[in-house]
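Only one structure is covered here, and it is reproduced in the block below.
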Amino acid sequence: MIAQKSHKYTAKFSLRPRVFLWVAPPACSLKLNVDAATDGENSTIGLGALVRDSDGFPLGCFAKSLTGFFSPKEAEALAISYALKWFLELGFFRFFCRE
């Protein structure tokens, strides 16, 4: 018999949006920003990434959804893993990564 993990997540909403300032990487470098979102009710997660140059110009982005039960930390780790693979496939090697 295989035990199945059960996760229950509650949605958290705020009336006050969080504000983040983008910090540029050093000149001639790229910055890879990644994020993930979980939807425990529908057993899915969304992953995304954006790469920008040191002037903030976007060079590429990707988004992916996966089915399954994942904790927020697992989803973030998957986002980083998929984003790094995608980033290297594009031929970029010098970068900074931030979740």
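The values are calculated or read from the model by the stated rules, or taken from the named source; none is laboratory data. It should be emphasised that the depicted structure is a prediction, and the values quoted were computed from it without experimental measurement. Cβ atoms come from the backbone with ideal geometry, glycine included; neighbour counts cover every protein chain shown.
Which of the numbered conditions does Phe20 fail, given that it passes all the others? Conditions: (1) under 28 Å from Phe93 (Cβ atoms); (2) modelled with pLDDT of 90 or more.
Answer for Phe20: the failing condition is (2).
Please tell me if Leu47 is modelled with pLDDT of 90 or more and within 9 Å of the chain's Cα centre (by Cα).
yes
Could you list, in sequence order, the residues of the range 34-81 that are closer than 21 Å to Leu21 by Cα, surrounded by fewer than 18 Cβ atoms within 10 Å (Cβ to Cβ) and not hydrophobic (A, V, I, L, M, F, W, C)?
Asp35, Gly48, Asp53, Ser54, Asp55, Gly56, Pro58, Gly60, listed by residue number.
Is the range 24-40 home to any residue that is under 30 Å from Leu90 (Cβ atoms), among the hydroxyl-bearing types (Ser, Thr, Tyr) and at pLDDT 90 or above?
yes
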